[in-house]
Amino acid sequence: MKLGLYGGSFDPVHLGHLLVARAAHEELGLDRVVFIPASQSPFKPDHVPTPAATRTMMLRMALQGLPWASLDLLEIERGGVSYTVDTLRHFRSTQPDAELFYLIGGDHAPSLPQWKDAATLATLARFVVVPRPGSPAPALPEPFHGESLRGFPLGVSSSELQARVRSGKPIRFLTPDAVADAIATNRLYL
């Protein structure tokens, strides 16, 4: 089995996330792409994320009808700072026969050697670099190995969606309609 692992805050999930997952599924021939929302990102230590139950609800809505995509709450259930090495160790032990692919944004790829237990991390999965729209994919630093995605770049981020909501601008066509409705109904990001 070829298993894609896609970690992040997903605060909120948007069409860019879904297009990345679809590109990985198609280009790499993945059997499944697992979305893994972080409890607390190590890259945003001072940021308080939207409650996990709300982010999970939006992810469930966004993934409806995608038989190749699933949701795993292991980082939220573990609590605390979410470290990729711990997540990959978990999947390596529970899916020993799976070929693991970890999706990583191009902006984070150069810093991989500074991540927690980087030497071990590099041995647990192939890393798939997701380039930012308009930018070339950076090379993976040693000792990491993997490839870059080619398809479906969309220049949108969760922080941009939050800013649009705060300023009263629409987010339709940037996130699934059900997620946009949930954000409005629950008055998120105001």
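Stretched out straight at 0.36 nm per residue, the stretch from Ser111 to Trp68 would grow longer than its current Cα-Cα span by 12.5 nm. The distance linking segment 1-26 with segment 50-105 is 10 Å (Cα centroid to Cα centroid, whole angstrom). Measuring with a 1.4 angstrom probe and ignoring ligands and nucleic acids, His90 comes out at about 70 Å² accessible. With each label modelled as a point 7 angstrom along the Cα→C-beta vector, the Ala163-Arg32 pair spans 3.7 nm. Note on surface exposure: Asp177, Asp11 rank Asp177, Asp11 by accessible area, highest first, 1.4 Å probe. Per-residue surface analysis assigns Thr50 an accessible area of about 20 Å², computed on protein heavy atoms at 1.4 Å probe radius. Helix 52-63 and the long axis of the chain differ in direction by around 80°, with both axes built from C-alpha atoms.
Measure nothing fancy, just the Cα-based angle from helix 15-28's long axis to the longest principal axis of the chain, in degrees from 0 to 90, nearest 10. Tilt relative to the chain: about 30 degrees.
Normalised by the number of residues in the chain, the mean separation of alpha-carbon contacts (under 8 Å, six or more apart) gives a relative contact order of 26 percent.
Peptide packing: for 112-119, 165-172, the average count of neighbouring Cβ atoms within 10 Å per residue gives the ranking 112-119, 165-172, highest mean first.
For Val85 and Asp46, the difference between the fully extended length at 0.36 nm per residue and the C-alpha to C-alpha distance is 11.9 nm.
The values are calculated or read from the model by the stated rules, or taken from the named source; none is laboratory data. These numbers were taken from a predicted model, which means no experiment stands behind them. When we count neighbours, we look across all protein chains shown, and the Cβ atoms used for this are built from the backbone with ideal geometry, even at glycine. Heavy atoms of the whole protein, side chains included, go into the accessibility calculation; ligands, DNA and RNA do not. Shrake-Rupley method; radii C 1.70, N 1.55, O 1.52, S 1.80 Å.
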